[in-house]
Amino acid sequence: MQDKNTILLPQGSGPIGVFDSGYGGLTILHGIRQTLPQYDYIYLGDNARAPYGPRSFDVVYEFTRQAVERLFSMGCQLVIIGCNTASAKALRSIQQNDLPNWDQRRRVLGVIRPTAEIIGDITRNNHVGLLATEGTVKSQSYDMEIHKLWPDIKVTGQACPFWVPLVEYNEADSPGADYFVKKRIDQLLRKDPEIDSIILGCTHFPLLMPKILKYTPPGITIVPQGEYVASKLKDYLRRHPEMETLLTKGGDVKYFSTENASKFMASASIFLHERIKATHIDL
């Protein structure tokens, strides 16, 4: 009898999978495709169950596990969890507990480690701020990953409720967004006035960049994730040719969402600035 934790996987080569609880991972996918356009990609957004930020560790783990399992079953050899909450609450469990039962040749990577790796080269005084969802801040995943690599850095987190809905409801440029953006940045800098670098620890937040820059004092560096995740992925594939040779190279991308496909396509254009075709999928 087949173990319930074991899945049957197609053999051979396949695309890179990118998973997010909603739309924010599209900013990660965009950054990766800018750097690595030659590969094939599958994007999966669990929009019907978003947001993940307020959910418990157990629920986020189970939802993320289902998504990774589905991407593997679609032939993906490598999956990028392009969601900070899922990276914080589910990635380690999937890597340690599930991958050995699924297929030890495949890999699941997140977005927190690549950002932690570069932040020590960006900050000048070792005072780093983090703007993220409540779930990511409470998990302290950024604190732990950064301290492994840069033990002298002080990390100060600030949860930013309402920022994700502002983006997903296409209100990022509205006057009403100013209040919420300024409020959270002010709160962060009151906690540590010496902060010289701020990590945007949610893939939605780059869409708020004009207002973030407007209310961030001069001299503070804003650190979005897309370009850093992409450069670290490029380096990862260079160091792991056994994985790189399994990735198909047709420059193609397919989009799937657990939400209504038409709604996803309309909202995705906010993040990608292009029209796409998407397919509904159940998890």
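The values are calculated or read from the model by the stated rules, or taken from the named source; none is laboratory data. Quick caveat, the model's predicted, so the values are computed rather than measured. We work out accessible area using only protein heavy atoms, side chains counted, and drop any ligands, DNA or RNA first. Shrake-Rupley method; radii C 1.70, N 1.55, O 1.52, S 1.80 Å.
Compared with the dominant Cα axis of the chain, that is its longest principal axis, helix 57-73 is turned about 40°.
Computed per residue of the chain from DSSP H runs no shorter than four, each worth -39500 (n - 2.57), the mean residue ellipticity at 222 nm is -12500 deg cm²/dmol. Our coupling estimate for segment 15-28, obtained by passing each phi through the Karplus curve with A = 6.51, B = -1.76, C = 1.60 and θ = phi - 60°, is x, 8, x, 10, 10, 8, 5, x, 9, x, x, 5, 5, 5 Hz, Gly and Pro reported as x. Leaving ligands, DNA and RNA out of it, work out the accessible area of R33 with a 1.4 Å probe and give it in Å² to the nearest 10. Accessible surface of R33 is approximately 70 Å². Our summary gives the chain a relative contact order of 27 percent, counting only alpha carbon pairs under 8 angstrom and 6 or more residues apart.
Relative contact order of segment 23-83, taken over Cα pairs closer than 8 Å and 6 or more residues apart, is 50 percent.
Accessible surface ranking for L246, L188, 1.4 angstrom probe, highest first: L246, L188. With all protein chains in place and ligands, DNA and RNA left out, the 1.4 Å accessible area ranks H204, H127, H280, H273 as H273, H280, H127, H204, largest first.
What lysines does K89 reach when the alpha-carbon gap must be under 29 Å and sequence neighbours fewer than 8 apart in one chain are set aside? Within the straight-line cut-off, K89 pairs with K4, K138, K148, K154, K182, K183, K191, K211, K232, K234, K254, K263.
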